[in-house]
Amino acid sequence: MTRVLLTAVVVLSGCGLSPLTSEDVRALTLQPEVVLSGVVRHAQSQGPLEGAVVAVQGSSSASAASGRYRIAGLTTGPARVTATLQGFAVAEAQVVLVPGANGLDLALAPLACSACGTGQVCDTSSGQCVTAATLTGGVVDDCTSVAIAARVTIDGRSTCSGNQKAYFRLEGLHPGGPQTLGAGAPGYRSFTGTMTLMAGFNVAADIRLVPLGGCDAATPPPTCSCTATGCQ
């Protein structure tokens, strides 16, 4: 490299141009590539986060399963870095990039439950917004298999199956389980069972309520009302 620079000085001087100064020579020295890398972690569990998009100076990279990201081809100087991932608040950082390797780890905080979007609920175990579960099913008389009006409860939410219609629908439920499913109607024994809800649409088997007086007793058609907190 020294020989090349000295040759350049001689050639330029021979052409009648001013010789290169020491500052000029230093400016000709190749600078290493500017690279930013690090790990994106969960702010609470400190575990790595996959799929977080880290952006700086118009370039971006998605974090791997290990949480690591790498962005090359940057320029030196002050820069704003952002990291985004669904279910988490945007993380920002100000850095001063220098030639060569630059390290920056980022932590993403899960969104508050109130910030979850439509059709989502907050998973308190992970602190992340997840797709809510919807449960539909029916309630019938165990003796006649005729649809009856009954109150159905799961995950702190309740609703009524319609009069003369077995169908009921509960929305905004937390997926997972097993969860306790209950149903009751005047003149019938209460029902309690368990089920695991999947994110999205779930269909329960018909809930069969047994009349208190048995199948031979006359049981008036029950009615149902649901006005308490959590009713739908």
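FYI, it's all coordinate maths here, none of it is from the lab. As the structure is a prediction and not an experimental result, all values here were calculated from the model. Here the Cβ positions follow ideal geometry from the backbone for every residue, glycine too, while neighbour counts run over all protein chains shown.
Kindly provide the trypsin sites (Lys or Arg not before Pro) of the stretch 140-206 that DSSP labels as loop, not H, G, I, E or B, and whose Cβ sees at most 16 other Cβ atoms within 10 Å.
Hits after loop and neighbour filter: 165, 189.
Ratio to report: Rg/Rh of the stretch 129-232, with Cα atoms as the point set and Rh obtained by the Kirkwood method; give two decimals.
Value, to two decimals: 0.99.
Going by C-beta contacts inside 10 Å, put 50, 92 in order with the fewest on the left.
Ranked by crowding around the Cβ, least crowded first: 92, 50.
How long are the semi-axes of the ellipsoid equivalent to the stretch 31-113, from square roots of 5 times the Cα gyration tensor eigenvalues, in whole Å, largest first?
Semi-axes from the Cα gyration tensor: 23, 12, 10 Å.
Using every Cα-Cα pair within the stretch 41-162, state what percent have a distance larger than 18 Å.
64
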